[in-house]
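Note sheet for the following structure.
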Amino acid sequence: MKFAIIFFLSLAFSFKLSAQFEQKYSAKSNSPDWVKFLYEAPADPQKVIAAYELYYQSHSLVKSEHTQYYKRWLRSFSRELSFSLFSKVDQDYVNRSVALREQKDFDSEWICIGPYDFDKEASSRSYAPGAAHIYTVERSFSNSNIMFAGSATAGLWKSSDAGSTWVLMTRDLVLNRIFALEIDHVNPDIVYFESNGDLYKTIDGGESWSIIGDPVFQSESHNVKDIVMHPNSSS
């Protein structure tokens, strides 16, 4: 039994080392610029992404160790680093999303039947397009029909009919995961959630959101797993 435990721990330690020190491939003198930029230490995300997209505007995509590593690299840092790295890219994406939504005719008889992929221009693509992990669901104490749900990559959703239908309430916000949210115990239009290290609040049921906290609080890095309101004090 002791030998088995030692073997298991050794195997786990070896796996951890191999994952932590996964050797990056190296660029050659004739490699495209995006490959060379990818293996710089440290790599500049905006520089790499811009060079990658420019290269494949005039070249066909052929899978290689570099393109596969690029996918893993992109997925890794896009989920962990601050979205401030992509401020211009994010704003461009939000502007395009708003413009596209304004072009839609809400009286149209056409509806989408899939396959669904909500974020076609996301830097990190899902293994299962259209699917998203749900991290947290809260139900209003004062109105049982009101529910909010926070997801891994698809923002914050609201239901006004006890979960039968859901509406995205953060379409114009660039967000990562939402682990924590809380609904005011008395007023269901007041909701709080945390994402990307910021704490957000709405007073109109999710139609608009504001980052809250004084400058000292906002300057800190937060990783909130839960938000709890005192049962007798909404402050």
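The values are calculated or read from the model by the stated rules, or taken from the named source; none is laboratory data. None of these values were measured; they are calculated from a predicted model. Because the Cβ atoms are built from the backbone with ideal geometry, glycine has one as well, and the counts that use them run over all protein chains shown. Protein only, heavy atoms only, side chains kept; ligands, DNA and RNA dropped before computing areas. Shrake-Rupley method; radii C 1.70, N 1.55, O 1.52, S 1.80 Å.
Here are the numbers:
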quantity	calculated
Listed residue pairs exceeding 28 Å between alpha carbons, taken from 47/158; 63/158; 47/225; 201/225	47/158; 63/158; 47/225
Among 206, 154, 219 - extreme Cα towards positive end, dipole of segment 148-225, charges at beta-carbon	154
Long-range HN-HN contacts of residue 181 with modeled amide H, under 5 Å	227
Under the Karplus curve 6.51 cos²θ - 1.76 cosθ + 1.60, θ = phi - 60°, whole-Hz ³J(HN,Hα) for segment 180-188, x wherever Gly or Pro sits	10, 8, 8, 9, 3, 5, 9, 10, x
Environment charge at residue 141 (Cβ cut-off 14 Å; Lys +1, Arg +1, Asp -1, Glu -1)	-3
Residue-level accessible surface for residue 33, protein heavy atoms, 1.4 Å, Å²	90 Å²
Accessible surface ranking that places the most exposed of 157, 34 first, with a 1.4 angstrom probe	157, 34
Residue-level accessible surface for residue 216, protein heavy atoms, 1.4 Å, Å²	100 Å²
Alpha-carbon centroid distance for the pair segment 194-235 / segment 24-61, whole angstrom	38 Å
Compactness of segment 196-235, expressed as Rg and Dmax over alpha-carbon positions, Å	11.6, 30
Stokes-Einstein D in µm²/s, Kirkwood radius over Cα pairs - segment 154-235 at 10 °C with 1.306 mPa s viscosity	118 µm²/s
